[in-house]
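The values are calculated or read from the model by the stated rules, or taken from the named source; none is laboratory data. The model shown is predicted, which means the values in this text are computed figures rather than measured ones. Using ideal geometry, Cβ is built from the backbone for each residue, glycine included, and neighbour counts are taken over all protein chains shown. Note: accessible area is taken over every heavy atom of the protein model, side chains too, but ligands, DNA and RNA are not part of it. Shrake-Rupley method; radii C 1.70, N 1.55, O 1.52, S 1.80 Å.
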Amino acid sequence: MEISSLFLQIFLALTLLTGLAKPDPDPLQDYCVADTKSPLSLNGAPCLNPTQALSSHFTTSALAKPGDTKANPFGFSVTLTTLANLPGINTMGITMARVDIAGNGLVPPHSHPRASEVTICLQGAILVGFVDTSNRLFTQRLEPGDSFVFPKGLIHFLYNTDSRRPALAVSGLSSQNPGAQIASRAAFVSSPPIPDVILEKAFQISPEDVAKIRRNLGG
């Protein structure tokens with residue numbers, strides 16, 4: 001009886017773990033064009049009546065224009081497909097992103113809690129990398145045509161190694177809403193702020209260092 005109970009507990013635990021690891025739910029119809037005007041709040045967006053679907057719902061020019069890499073101190077810009085600019089992506093479990101990086105610019109260490117990512121370098125030279133849960137670093141220098149995969153939820157970065165010319169990449173992510181969390185901003189510019197003593201101990205830095213980093217990150 002005890003063995004049966006143990007196996008039952010293991011089975012339930014595995015069921016919960018695999019359930020938590022699932023990607024976005026599969027659509028139950030050919031498509032579900034997002035009804036962005038609906039007042040309903042769902043895990044995604046309500047569907048338009050299929051008879052109202054148009055070819056324009058499945059195409060976008062959102063990634064055609066360069067982003068403003070001067071809008072932040074890191075020198076990068078990410079332009080995403082969203083339900084607003086590509087409503088046909090609703091329930092498809094994917095997102096596309098245009099990544100513009102200025103000379104010596106950096107997409108700082110960050111993670112996507114709900115998606116893995118594949119990045120294709122289109123222009124320039126980009127040093128990419130991620131750190132696994134054993135703190136092992138995987139890096140690669142990408143040139144036009146090269147691709148690299150970032151596993152789901154792991155900290156990763158992209159750095160333009162050319163100081164004079166911009167770099168361009170396109171990424172595909174395995175979620176309609178991958179989320180993004182920049183590690184440094186999460187630690188030092190949260191609202192309300194993480195107590196200074198926590199940051200001092202976690203990063204082994206002084207109170208002055210904490211204050212300086214907060215200022216530098218806009219906190």
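Return one whole number: the accessible area per residue of the chain in Å², for a 1.4 Å probe.
Per-residue accessible area for the chain comes out at 63 Å².
Taking R0 as 25 Å, what's the FRET efficiency between A62 and D209 from their Cβ-Cβ distance, rounded to 0.05?
0.05
Computing the accessible area with a 1.4 Å probe over protein heavy atoms, can you report the carbon and sulfur percentage for the chain? Write down the numbers at each step before the final one.
Working: 8210 of 13720 Å².
Carbon and sulfur atoms account for 60 percent of the accessible area of the chain.
Starting from 0.36 nm per residue, how many nanometres of slack lie between E200 and E143 once their C-alpha separation is accounted for?
Between E200 and E143, full extension yields an extra 16.6 nm.
What distance in nm separates the simple spin-label points at S55 and K37, each placed 7 Å from Cα in the Cβ direction?
2.3
Enumerate cysteines in the chain without a disulfide-compatible partner, where compatibility requires another Cys Cβ under 4.7 angstrom.
C121
Sort 191-204, 100-113 by the packing proxy (mean of other Cβ within 10 Å over each peptide's residues), most packed first. Please report the intermediate quantities before stating the final value.
Values: 191-204: 11.5, 100-113: 19.7.
Put in order of decreasing packing, that is 100-113, 191-204.
Among L173, L54, L122, which one moves the most in a GNM of the chain with springs linking Cα atoms closer than 10 Å?
In the Gaussian network model the winner is L54.
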